[in-house]
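Q: Quick one: the structure is below, questions incoming.
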Amino acid sequence: METTKRSGKIFISVAIVVMAFIGLVAAKNFSDQGAYVEVKGLSEKIVKSDTAIWSMNFEVKSNSIDALYGDIEKNLVTIKTFLKNKGFEDAEINVAPANIYQDTYKDAAFRYNSTNQISVYTNKVDLAKKSSSETLMLVKSGVVLTQNSIAFNFSDLNSVKPDMLAEAIKNARDTAAQFATNSGSKVGGIVRGNQGVFDIVDKDPGSPEYKKIRLVSTLRFLLK
(Lines give C-alpha, C1' and ligand atoms only; values in the text may rest on other atoms or scores of the structure.)
Protein backbone atom coordinates (compact mmCIF):
# COMPACT_ATOMS: atom_id res chain seq x y z
CA MET A 1 0.00 0.00 0.00
CA GLU A 2 2.85 2.35 0.87
CA THR A 3 4.51 1.55 -2.45
CA THR A 4 1.27 2.39 -4.30
CA LYS A 5 0.95 5.80 -2.59
CA ARG A 6 4.57 6.61 -3.35
CA SER A 7 4.11 5.67 -7.04
CA GLY A 8 1.03 7.89 -7.20
CA LYS A 9 2.97 10.85 -5.83
CA ILE A 10 5.76 10.30 -8.33
CA PHE A 11 3.22 10.16 -11.21
CA ILE A 12 1.60 13.44 -10.11
CA SER A 13 5.00 15.13 -9.83
CA VAL A 14 5.99 14.00 -13.34
CA ALA A 15 2.65 15.24 -14.72
CA ILE A 16 3.17 18.65 -13.13
CA VAL A 17 6.66 18.90 -14.63
CA VAL A 18 5.37 17.93 -18.09
CA MET A 19 2.53 20.49 -17.92
CA ALA A 20 4.98 23.16 -16.83
CA PHE A 21 7.25 22.30 -19.78
CA ILE A 22 4.33 22.51 -22.21
CA GLY A 23 3.42 25.89 -20.76
CA LEU A 24 6.97 27.15 -21.28
CA VAL A 25 6.94 25.98 -24.92
CA ALA A 26 3.59 27.68 -25.55
CA ALA A 27 4.89 30.89 -23.98
CA LYS A 28 7.98 30.70 -26.16
CA ASN A 29 5.86 30.33 -29.32
CA PHE A 30 3.79 33.33 -28.32
CA SER A 31 6.98 35.28 -27.69
CA ASP A 32 8.34 34.29 -31.10
CA GLN A 33 5.15 35.55 -32.72
CA GLY A 34 5.60 38.90 -31.07
CA ALA A 35 3.28 41.52 -29.61
CA TYR A 36 0.87 43.27 -31.93
CA VAL A 37 -1.67 46.06 -32.08
CA GLU A 38 -4.94 45.93 -34.06
CA VAL A 39 -6.23 49.24 -35.39
CA LYS A 40 -8.75 50.60 -37.90
CA GLY A 41 -7.96 52.84 -40.84
CA LEU A 42 -10.57 55.15 -42.38
CA SER A 43 -10.83 56.50 -45.91
CA GLU A 44 -13.65 58.68 -47.26
CA LYS A 45 -14.17 60.12 -50.73
CA ILE A 46 -16.89 62.24 -52.38
CA VAL A 47 -17.70 61.27 -55.97
CA LYS A 48 -20.33 62.27 -58.50
CA SER A 49 -22.77 59.62 -59.74
CA ASP A 50 -22.29 58.45 -63.29
CA THR A 51 -25.79 57.03 -63.82
CA ALA A 52 -29.33 58.28 -63.20
CA ILE A 53 -32.47 56.11 -63.18
CA TRP A 54 -35.59 58.23 -63.42
CA SER A 55 -38.99 56.51 -63.04
CA MET A 56 -42.44 57.96 -63.70
CA ASN A 57 -45.74 56.18 -63.05
CA PHE A 58 -49.24 57.16 -64.12
CA GLU A 59 -52.71 55.62 -63.93
CA VAL A 60 -55.44 55.44 -66.53
CA LYS A 61 -59.05 54.45 -65.81
CA SER A 62 -61.96 53.94 -68.16
CA ASN A 63 -65.14 51.97 -68.71
CA SER A 64 -64.05 51.17 -72.26
CA ILE A 65 -61.03 49.01 -72.98
CA ASP A 66 -60.46 50.80 -76.29
CA ALA A 67 -60.56 54.20 -74.59
CA LEU A 68 -58.20 52.86 -71.92
CA TYR A 69 -55.59 51.83 -74.48
CA GLY A 70 -56.03 55.12 -76.29
CA ASP A 71 -55.43 57.16 -73.14
CA ILE A 72 -52.38 55.06 -72.21
CA GLU A 73 -50.84 55.62 -75.64
CA LYS A 74 -51.62 59.33 -75.49
CA ASN A 75 -49.90 59.72 -72.11
CA LEU A 76 -46.84 57.75 -73.25
CA VAL A 77 -46.48 59.91 -76.36
CA THR A 78 -46.78 63.05 -74.21
CA ILE A 79 -44.11 61.87 -71.77
CA LYS A 80 -41.75 60.71 -74.53
CA THR A 81 -42.09 64.04 -76.31
CA PHE A 82 -41.36 65.84 -73.06
CA LEU A 83 -38.23 63.74 -72.49
CA LYS A 84 -36.92 64.16 -76.03
CA ASN A 85 -37.44 67.92 -75.86
CA LYS A 86 -35.32 67.89 -72.70
CA GLY A 87 -32.48 66.17 -74.54
CA PHE A 88 -32.92 62.45 -73.90
CA GLU A 89 -32.65 59.88 -76.67
CA ASP A 90 -34.91 56.95 -77.56
CA ALA A 91 -32.26 54.48 -76.38
CA GLU A 92 -32.41 56.01 -72.89
CA ILE A 93 -36.22 55.78 -72.59
CA ASN A 94 -37.85 52.52 -71.49
CA VAL A 95 -41.57 51.70 -71.29
CA ALA A 96 -42.70 48.87 -69.01
CA PRO A 97 -45.66 46.67 -70.01
CA ALA A 98 -48.97 48.15 -68.86
CA ASN A 99 -50.52 46.53 -65.81
CA ILE A 100 -54.27 46.37 -66.54
CA TYR A 101 -56.91 44.94 -64.26
CA GLN A 102 -60.69 44.77 -64.39
CA ASP A 103 -62.81 45.90 -61.45
CA THR A 104 -65.85 43.62 -61.24
CA TYR A 105 -67.43 45.40 -58.27
CA LYS A 106 -70.89 46.46 -59.41
CA ASP A 107 -70.60 50.00 -58.03
CA ALA A 108 -67.07 50.56 -59.31
CA ALA A 109 -66.58 53.95 -60.92
CA PHE A 110 -64.38 52.48 -63.65
CA ARG A 111 -64.37 48.97 -65.00
CA TYR A 112 -60.83 49.04 -66.40
CA ASN A 113 -57.80 50.36 -64.53
CA SER A 114 -54.14 50.46 -65.46
CA THR A 115 -50.84 51.41 -63.89
CA ASN A 116 -48.04 52.35 -66.26
CA GLN A 117 -44.35 53.12 -65.93
CA ILE A 118 -41.85 54.86 -68.14
CA SER A 119 -38.23 55.29 -67.11
CA VAL A 120 -35.00 56.90 -68.21
CA TYR A 121 -31.64 55.21 -67.75
CA THR A 122 -28.93 57.70 -68.59
CA ASN A 123 -25.47 59.01 -67.82
CA LYS A 124 -26.76 62.58 -68.22
CA VAL A 125 -26.94 62.98 -64.47
CA ASP A 126 -27.38 66.75 -64.28
CA LEU A 127 -29.99 66.79 -67.04
CA ALA A 128 -31.99 64.05 -65.34
CA LYS A 129 -31.99 65.85 -61.99
CA LYS A 130 -33.04 69.15 -63.55
CA SER A 131 -35.73 67.61 -65.78
CA SER A 132 -37.27 65.54 -62.98
CA SER A 133 -38.17 68.77 -61.18
CA GLU A 134 -39.90 70.21 -64.23
CA THR A 135 -42.70 67.68 -64.72
CA LEU A 136 -45.40 70.27 -64.03
CA MET A 137 -45.48 70.65 -67.79
CA LEU A 138 -46.83 67.10 -68.00
CA VAL A 139 -49.70 67.95 -65.68
CA LYS A 140 -50.60 70.84 -67.97
CA SER A 141 -50.68 68.32 -70.82
CA GLY A 142 -53.10 66.06 -68.95
CA VAL A 143 -50.65 63.51 -67.50
CA VAL A 144 -50.99 63.06 -63.75
CA LEU A 145 -47.97 61.24 -62.36
CA THR A 146 -48.56 58.99 -59.37
CA GLN A 147 -44.81 58.59 -58.90
CA ASN A 148 -41.85 60.67 -59.97
CA SER A 149 -38.61 59.38 -58.47
CA ILE A 150 -34.98 59.45 -59.45
CA ALA A 151 -32.04 57.40 -58.19
CA PHE A 152 -28.36 58.10 -58.76
CA ASN A 153 -25.67 55.45 -58.86
CA PHE A 154 -21.88 55.42 -58.94
CA SER A 155 -20.80 52.33 -60.84
CA ASP A 156 -17.05 52.85 -61.32
CA LEU A 157 -15.97 51.76 -57.84
CA ASN A 158 -12.83 50.09 -59.18
CA SER A 159 -11.46 53.51 -60.17
CA VAL A 160 -11.28 54.67 -56.53
CA LYS A 161 -10.58 51.38 -54.72
CA PRO A 162 -6.75 51.40 -54.89
CA ASP A 163 -6.32 54.97 -53.60
CA MET A 164 -8.89 54.54 -50.85
CA LEU A 165 -7.38 51.28 -49.67
CA ALA A 166 -3.90 52.85 -49.65
CA GLU A 167 -5.23 55.76 -47.59
CA ALA A 168 -6.96 53.44 -45.12
CA ILE A 169 -3.74 51.44 -44.65
CA LYS A 170 -1.71 54.64 -44.17
CA ASN A 171 -4.15 55.97 -41.57
CA ALA A 172 -4.12 52.62 -39.78
CA ARG A 173 -0.31 52.57 -39.74
CA ASP A 174 -0.23 56.15 -38.38
CA THR A 175 -2.53 55.10 -35.55
CA ALA A 176 -0.42 52.02 -34.84
CA ALA A 177 2.75 54.14 -34.89
CA GLN A 178 1.25 56.51 -32.31
CA PHE A 179 0.32 53.56 -30.11
CA ALA A 180 3.84 52.13 -30.48
CA THR A 181 5.43 55.45 -29.54
CA ASN A 182 3.28 55.67 -26.43
CA SER A 183 4.19 52.11 -25.45
CA GLY A 184 7.92 52.47 -26.14
CA SER A 185 8.02 50.19 -29.17
CA LYS A 186 8.13 50.39 -32.96
CA VAL A 187 5.65 49.33 -35.64
CA GLY A 188 6.49 46.30 -37.73
CA GLY A 189 4.76 44.72 -40.69
CA ILE A 190 1.13 43.78 -41.19
CA VAL A 191 0.38 40.26 -39.98
CA ARG A 192 -3.36 40.26 -40.56
CA GLY A 193 -5.75 42.51 -42.43
CA ASN A 194 -9.43 42.90 -43.25
CA GLN A 195 -10.01 45.25 -46.17
CA GLY A 196 -13.54 46.08 -45.03
CA VAL A 197 -16.61 46.99 -47.10
CA PHE A 198 -16.98 50.01 -49.37
CA ASP A 199 -20.12 51.77 -48.16
CA ILE A 200 -21.78 54.21 -50.59
CA VAL A 201 -24.42 56.69 -49.35
CA ASP A 202 -25.84 60.02 -50.49
CA LYS A 203 -23.59 62.94 -49.61
CA ASP A 204 -26.64 64.85 -48.34
CA PRO A 205 -30.40 65.00 -49.06
CA GLY A 206 -30.08 68.10 -51.24
CA SER A 207 -27.54 66.64 -53.68
CA PRO A 208 -28.17 62.89 -54.00
CA GLU A 209 -26.16 62.81 -57.24
CA TYR A 210 -23.04 63.12 -55.07
CA LYS A 211 -22.06 60.03 -53.11
CA LYS A 212 -19.85 59.56 -50.09
CA ILE A 213 -17.79 56.39 -50.21
CA ARG A 214 -16.51 55.14 -46.87
CA LEU A 215 -14.02 52.37 -46.16
CA VAL A 216 -12.90 51.12 -42.75
CA SER A 217 -10.08 48.57 -42.85
CA THR A 218 -8.95 46.57 -39.82
CA LEU A 219 -5.22 45.79 -39.69
CA ARG A 220 -2.93 44.06 -37.22
CA PHE A 221 0.68 45.32 -36.95
CA LEU A 222 3.57 43.67 -35.17
CA LEU A 223 5.26 45.69 -32.45
CA LYS A 224 9.03 45.53 -32.12
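Q: At a probe radius of 1.4 Å, what is the per-residue accessible area of LEU127, in Å² to the nearest 10?
A: Counting only protein heavy atoms, the figure is 50 Å².
Q: If you don't mind, another one. Need one value: the accessible area of ASP71 in square angstrom, 1.4 angstrom probe, rounded to the nearest 10.
A: For ASP71, solvent-accessible area is about 70 Å².
Q: Also, I was wondering about something else. If I take R0 = 25 Å and measure r between the Cβ atoms of VAL77 and ASP103 in this structure, what FRET efficiency does the formula 1/(1 + (r/R0)^6) give, to the nearest 0.05?
A: Efficiency for this residue pair is about 0.45.
Q: Ignoring ligands, DNA and RNA, how do PHE198, PHE88 rank by accessible area with a 1.4 Å probe, largest first?
A: These residues rank, largest area first, as PHE198, PHE88.
Q: In degrees from 0 to 90, rounded to the nearest 10, what is the angle of the helix 65-86 Cα long axis to the longest principal axis of the chain?
A: Helix 65-86 sits at roughly 70 degrees to that axis.
Q: Pairwise over distinct Cα atoms, reciprocal of the mean inverse distance: report the Kirkwood radius of the chain in Å, one decimal place.
A: Hydrodynamic radius (Kirkwood, Cα only) of the chain equals 24.1 Å.
Q: At a probe radius of 1.4 Å, what is the per-residue accessible area of MET137, in Å² to the nearest 10?
A: Here the accessible area works out near 100 Å².
Q: Could you order ARG192, ARG173, ARG111 by accessible surface area, starting with the largest, using a probe radius of 1.4 Å?
A: The residues order as ARG192, ARG111, ARG173, largest area first.
Q: Probe radius 1.4 Å, ligands and nucleic acids left out: which of THR51, THR104, THR181 has the largest accessible area, and how do the rest follow?
A: So the residues, ranked largest to smallest area, are THR104, THR181, THR51.
Q: Ignoring everything except DSSP H segments at least 4 long, calculate the 222 nm mean residue ellipticity for the chain; use -39,500 (n - 2.57) per segment, divide by total residues, nearest 500.
A: Helix-only estimate at 222 nm: -13500 deg cm²/dmol.
Q: A further question follows. Given the pairs LYS130/LYS212; LYS48/LYS161; LYS48/LYS170; LYS80/LYS130, which are separated by over 19 angstrom at their Cα positions?
A: From LYS130/LYS212; LYS48/LYS161; LYS48/LYS170; LYS80/LYS130, over 19 Å: LYS130/LYS212; LYS48/LYS170.
Q: Under a GNM of the chain (C-alpha, springs under 10 Å), which listed residue has the highest mean-square fluctuation: SER132, SER62, SER43?
A: SER62
The values are calculated or read from the model by the stated rules, or taken from the named source; none is laboratory data. Please read these numbers as outputs of a predicted model, since none were measured by experiment. All Cβ positions, glycine included, derive from the backbone under ideal geometry; neighbour counts span all protein chains shown. Each accessible area value is taken on the protein alone, full model and side chains, heavy atoms only, with ligands, DNA and RNA left out. Shrake-Rupley method; radii C 1.70, N 1.55, O 1.52, S 1.80 Å.
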